[in-house]
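First the structure, in the form of structure tokens, and then the observations on it.
Please treat every number below as a calculation from the coordinates, not as lab data. Just so you know, these numbers come straight off a predicted model, no measurement behind them. Here the Cβ is made from the backbone with ideal geometry for all residues, glycine too, and neighbour counts use every protein chain on show.
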Amino acid sequence: MANITLIGSGKTATALGKALILAGHDFSQVWSRTETGAGELAAKLNAEAVTSLSQIDAEADVYILAVKDDAIAEVASQLKIGNKIIAHTSGIKSKSILTGVSPTYGIFYPFVSMTKDSATDFKKALFMIEGSNAETSNALYRLAQTISENVKMVDESQRQSLHLAAVFAHNFTNHMYVMAEKILADKGLKFDDLRPLIAAHIANIQLVSPATLQTGPAIRHDDTTIETHLDLLDQNIELRKLYLTMTEAIQSWHKDKS
């Protein structure tokens with residue numbers, strides 16, 4: 001089992017910390033910019049809480065850098081950990097951002113939504129691993145395997161493309177649900193009425209290509225229905241623009257594929 005120092009105390013750090021300690025790993029230190037952040041997570045992991053990067057020692061086996069993407073370079077530049085393994089958890093930032101910290105660096109990226117308040121099930125979650133050399137890659141791979149059954153070595157472009165795809169498939173889709181909920185609420189209806197439709201689609205998408213499941217007025221070129229929808233959105237310019245953009249994108253995609 002590894003001895004780990006966790007740099008960060010947000011959603012990713014908390015979820016990983018909980019999962020890794022349940023898998024039998026030990027935690028040496030937890031760093032956060034705030035005493036509250038460091039203290040609360042360190043208490044859960046039986047680790048030392050530190051709020052200064054200069055307090056981070058070089059005694060751990062692995063250093064997991066789980067901070068916001070834009071803070072990785074700043075935080076990493078202040079670490080003095082010798083030749084120990086360090087990995088960040090970003091889906092988009094290059095591992096080379098850690099080059100100056102240690103010769104053994106890499107990526108430890110869990111491809112799953114995480115929260116601070118509930119346990120995240122990493123068992124089926126895809127873990128993407130990169131390393132500065134084979135030894136580092138293998139060490140991070142083995143660490144990920146203790147909490148996930150789905151660990152893959154990837155290159156940077158693959159990881160970034162999966163991250164981008166997730167924004168479309170998860171983040172943008174969820175925003176569409178938010179907009180659908182608003183449309184219903186404006187008429188005194190509840191989102192519950194959509195849940196069976198959504199559940200059926202999610203079940204189907206596990207089995208076939210999403211391209212085969214497209215339905216609706218856009219793919220049918222049902223212009224009268226489209227115009228009626230646009231009339232209903234007449235008082236909401238942003239949603240109207242979004243509806244038109246999505247309609248045109250669906251029609252263009254399926255025209256090119258036909």
### Query
Helix 173-185 versus the longest principal axis of the chain: what is the Cα-based angle in degrees, 0 to 90, to the nearest 10?
50 degrees
### Query
Once both axes come from the Cα atoms, what is the angle between helix 35-45 and the longest principal axis of the chain, in degrees from 0 to 90, rounded to 10?
80 degrees
### Message
Over all directions, how big on average is the projection of the convex hull of the alpha-carbon atoms in region 3-154, in square nanometres?
### Response
7.5 nm²
### Task
Provide the packing ranking of 152-160, 191-199, i.e. peptides ordered by the mean count of other C-beta atoms within 10 Å per residue, highest first.
152-160, 191-199
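Mind putting a number on the dipole of the chain about its Cα centre? Charges go on the C-beta only, +1 for Lys and Arg and -1 for Asp and Glu, and I need it in Debye to the nearest 20.
The dipole of the chain has a size of about 340 debye.
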### Query
Restricting the count to DSSP beta bridges whose residues both fall in the chain, what percent are antiparallel, rounded to a multiple of 5?
20 percent
### Message
For the chain, set up a GNM with springs between Cα atoms under 10 Å and report which of 87, 43, 211 has the largest fluctuation.
### Response
211
### Task
Hey, could you grab the Kirkwood Rh for the chain? Inverse mean 1/r over distinct alpha carbon pairs, Å, one decimal.
20.9 Å
### Task
Please work out the C-alpha center-to-center distance from region 68-141 to region 1-37 and express it in whole Å.
13 Å
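Per DSSP helix of 4 or more residues, -39500 (n - 2.57); summed, then divided by the residues of the chain. What does that give at 222 nm, rounded to the nearest 500?
-13000 deg cm²/dmol
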### Query
Cα to Cα, under 29 Å, and not fewer than 8 places away if on the same chain: which lysines meet these conditions relative to residue 84?
11, 18, 44, 68, 93, 95, 116, 123, 124, 152
## Note on the structure
Each label sits 7 Å from Cα toward the beta-carbon; between residue 55 and residue 157 the label points are separated, in nm, by 4.4 nm
### Query
Taking K and R as +1 and D and E as -1, what net charge do the other residues with C-beta under 13 Å from the C-beta of residue 227 add up to?
-3
